[in-house]
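Below: one structure, written as structure tokens.
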Amino acid sequence: MEIIILGSGGCVSTPRACCNCRVCTEAREKGFPYARTGCSLFIEDANILIDTPEDINTALNNARIQKVEHILYSHCDPDHTMGMRVIEQLKMDWLAVSVGEKLQSPIGVATLPAILEDLRKQGTKYGSAIAYYEARGLVYTRGIRSLKEGSILVELVPLDEQEQVAVFVISSNGKKVVYAPCDVKPFPDSEKFQNADVLIIGNTIVGDILKDGFVLEEGNPLRNELFTLDEIDAIRRQYHISKVIITHLEEDWGKSYDDYRALEKELDAISFAYDGLRIRL
């Protein structure tokens with residue numbers, strides 16, 4: 001099983017437009033892996049893309065992805081869905097359409113039913129974007145709780161009873177990866193997470209001193225929304241997970257690729273994602 005972290009950035013990509021801080025300047029000069037696109041993941045064995053941030057086209061090109069057959073969604077926040085127009089770039093052939101040719105092999109778009117319902121509300125004055133792509137024959141949509149493609153099984157575990165956020169359990173040939181990119185605090189309780197080889201998780205604040213020396217005080221509400229590194233390690237121990245990779249790394253944390261590499265040396269079984277990171281199990 002091979003999984004690629006296409007995008008490791010957070011709500012704001014790195015470099016942030018018009019920002020001249022140390023991290024953004026370095027990312028602008030050096031490119032990847034110092035640069036980070038929006039949070040997304042690719043399961044290479046089954047050509048499954050999870051989430052479409054606005055810069056997903058750049059991320060797909062950076063990782064040299066050759067084919068996308070399925071798109072799954074973790075939830076409907078804009079930074080995970082607003083690059084949905086990549087569907088047109090992947091599948092629309094305007095020249096073929098102009099001579100009446102029909103598209104072959106549309107992309108399967110799937111997620112938990114409640115998330116799919118939310119997804120259908122996103123669009124323009126012309127209506128739902130996903131409905132437009134479906135009417136054009138570019139995609140077909142399904143509400144699912146699992147997807148099996150060859151040796152790859154992807155199970156969608158709801159965060160809570162509302163089921164508007166999914167955590168993905170990706171397994172193949174006795175290996176297991178849990179992918180929980182965003183909005184997963186408090187972390188859901190599921191036996192499916194037990195003994196995973198890797199947990200890839202976002203929603204994590206890295207350090208108490210952030211961009212431009214900002215001090216994250218104990219009473220700051222971000223602490224209620226985001227995990228600390230200690231809380232991440234507690235999840236790892238609770239579910240007997242071998243290693244953790246932290247993704248959804250915000251530009252606001254004020255840390256560069258090199259800063260994260262240095263921090264890894266102080267941590268046990270926790271590392272930090274970067275765009276193009278390949279995980280082979």
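The values are calculated or read from the model by the stated rules, or taken from the named source; none is laboratory data. Bear in mind that the values here come from a model prediction, so they are computed numbers and not experimental data. Methodologically, a virtual Cβ is constructed for each residue, glycine included, from the backbone with ideal geometry; neighbour enumeration extends over all protein chains shown. The area values use the complete protein model at the heavy-atom level, side chains included, leaving out ligands, DNA and RNA. Shrake-Rupley method; radii C 1.70, N 1.55, O 1.52, S 1.80 Å.
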Gaussian network model of the chain, springs between alpha carbon atoms under 10 Å - residue of ALA59, ALA131, ALA96 with greatest fluctuation: ALA96
Reachable lysines, given that their alpha-carbon falls under 19 Å from the alpha-carbon of LYS211 and they are not under 8 places away in the same chain: LYS255
Anchor LYS192: lysines whose Cα lies under 24 Å away (excluding residues fewer than 8 positions away in-chain): LYS148, LYS175, LYS176, LYS243
Sequence ranges 118-129, 269-280, 230-241, ranked by mean other-Cβ count within 10 angstrom, highest first: 269-280, 230-241, 118-129
Portion, in percent, of the accessible area of the range 1-149 that falls on carbon or sulfur, probe 1.4 Å: 50
Net charge dipole size for the range 220-273 [Lys, Arg +1 and Asp, Glu -1 on Cβ; Debye, nearest 20]: 260
Computed label-point distance, nm, for sites GLU264 and LYS30 using a 7 Å Cα→Cβ extension: 1.3
Helix axis angle, 229-238 relative to the chain longest principal axis, alpha carbon, degrees: 70
Qualifying trypsin sites (Lys or Arg not before Pro) for the range 29-100 [loop in DSSP, other Cβ within 10 Å: at most 12]: ARG64, LYS67
Hits among aspartates and glutamates - C-alpha to C-alpha of LYS30 under 14 Å, sequence gap 8 or more where chains match: ASP258, ASP275
Geometric extent, Cα atoms of the range 162-281 - Rg, Dmax (angstrom): 14.5, 46
For the chain, with +1 on Lys and Arg beta carbons and -1 on Asp and Glu, the positive-most of PRO106, VAL198, LEU119 along the dipole: PRO106
Inter-label distance for ALA131 and GLU149, nm, one decimal - labels placed 7 Å from Cα along Cα-to-Cβ: 2.7
Antiparallel bridge percentage (DSSP; both residues within the chain; nearest 5): 55
Size of charge dipole - the chain - debye, nearest 20, with Cβ of Lys, Arg +1 and Asp, Glu -1, no other charges: 920
Cysteines (scope the chain) whose Cβ has no counterpart Cys Cβ under 4.7 Å: CYS11, CYS18, CYS21, CYS39, CYS76, CYS182
Local electrostatic count, ASN62, Cβ distance below 10 Å [Lys/Arg +1, Asp/Glu -1]: -1
Probe 1.4 Å, accessible area per residue of the range 2-114, Å²: 43
Solvent-accessible area of MET82 with every protein chain in place, 1.4 Å probe, in Å² to the nearest 10: 110
